[in-house]
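These notes are about the structure you will find just below.
Nothing in this text is a laboratory measurement; each read-out follows from the coordinates by a stated rule. Fair warning: this is a prediction, and the values are worked out from it, not measured in the lab. Counting neighbours? That spans all protein chains shown, and the Cβs are built from the backbone with ideal geometry, glycine included.
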Amino acid sequence: MPEFRPSDEGLDRAREILERERRRLAGVVDGELALTGASSLPGALTGGDVDLHLRVDASAYETTVSALRTLYDVVRPEIWTTTLATFGVEGEDVGIAVTPIGSEHERRFTGAWRRLASKPDLLEQYNHMKRMHQGGDEASSLAAKRSFFDRLYQR
């Protein structure tokens, strides 16, 4: 696992990647691509990866996923559902989650990071969780992160 560092150190890079991928998707898919995850939130700890979230109309979800298969690497297909697909940019630590607007996955992505941005105590809890798993195995870190976001979503 990479060393965690403050997201502020890579925010400019993350924004450049967002703009580059918006240009790449222009005219190919109709949706809203946004920076999400720790790299989007000043003060959050990150491993340096960049997470992007593509929100699309529910009626365009399947067509969008098909189009993205030609542009990006398929990532973690075992977690895919009828409302979540994940892709990666070849050769980079950049992930793209695609969700239909209004779906539970879309609400979880947008709502969780909005809450973390507006509640410093929650952001500190997130950073504490990350610190507790620094240098540990990836599976336990992912499980802790999933549990944290499940609790955050249920509040």
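What are the ³J(HN,Hα) couplings of the stretch 68-83, residue after residue, when phi is run through the Karplus curve with 6.51, -1.76, 1.60 and θ = phi - 60°? Round to Hz, x for glycine and proline.
5, 4, 8, 9, 10, 7, 6, 10, 6, x, 5, 9, 5, 9, 6, 10
Run the numbers for Glu32 and Gln134: contour at 0.36 nm per residue of separation, minus the present Cα-Cα distance, in nm. Intermediate values should be presented prior to the final figure.
Values: separation 102, 0.36 × 102 = 36.72 nm, distance 3.25 nm.
Full-extension gain reported as 33.5 nm.
Hey, what do the phi angles of the stretch 45-57 turn into as Karplus ³J(HN,Hα) couplings, whole Hz, using 6.51/-1.76/1.60 and θ = phi - 60°, x for Gly and Pro?
3J(HN,Hα) across the stretch 45-57, in whole Hz: 8, 9, x, x, 6, 10, 10, 10, 10, 9, 9, 10, 4.
Show that you can apply the helix-only estimate: for the chain, add -39,500 (n - 2.57) for every DSSP H stretch of four or more residues, divide by all residues, and state [θ] at 222 nm to the nearest 500. Mind dumping the intermediate values first?
Numbers: 5 runs with 71 residues, N = 155.
After summing the helix terms and dividing by residue count, I get -15000 deg cm²/dmol.
Quick check: net charge around Gly102, other residues with Cβ under 15 Å of its Cβ, Lys/Arg +1 and Asp/Glu -1? Walk me through the intermediate numbers first.
Working: positive: Arg55, Arg107, Arg108; negative: Glu32, Asp57, Glu104, Glu106.
Residues close to Gly102 contribute a combined charge of -1.
May I ask for the angle, rounded to the nearest 10°, between helix 104-118 and the longest principal axis of the chain, with both axes built from Cα atoms and the value confined to 0 to 90°?
The angle comes out near 40 degrees.
Quick check on packing: order 42-49, 8-15 by the mean number of other C-beta atoms within 10 Å, highest mean leading. Don't skip to the answer; put the middle values down first.
Working: 42-49: 17.1, 8-15: 14.8.
Packing proxy ranking, top to bottom: 42-49, 8-15.
Taking 7 Å along the Cα-to-C-beta vector as the label spot, tell me the Arg107-Asp73 distance in nanometres, rounded to one decimal.
3.3 nm
Please get the size of the charge dipole for the chain, origin at its Cα centre, with Cβ charges of +1 on Lys and Arg and -1 on Asp and Glu, quoted in debye to the nearest 20.
On the way: 21 positive and 25 negative charges, 102 e Å.
That gives the chain a dipole magnitude of about 480 debye.
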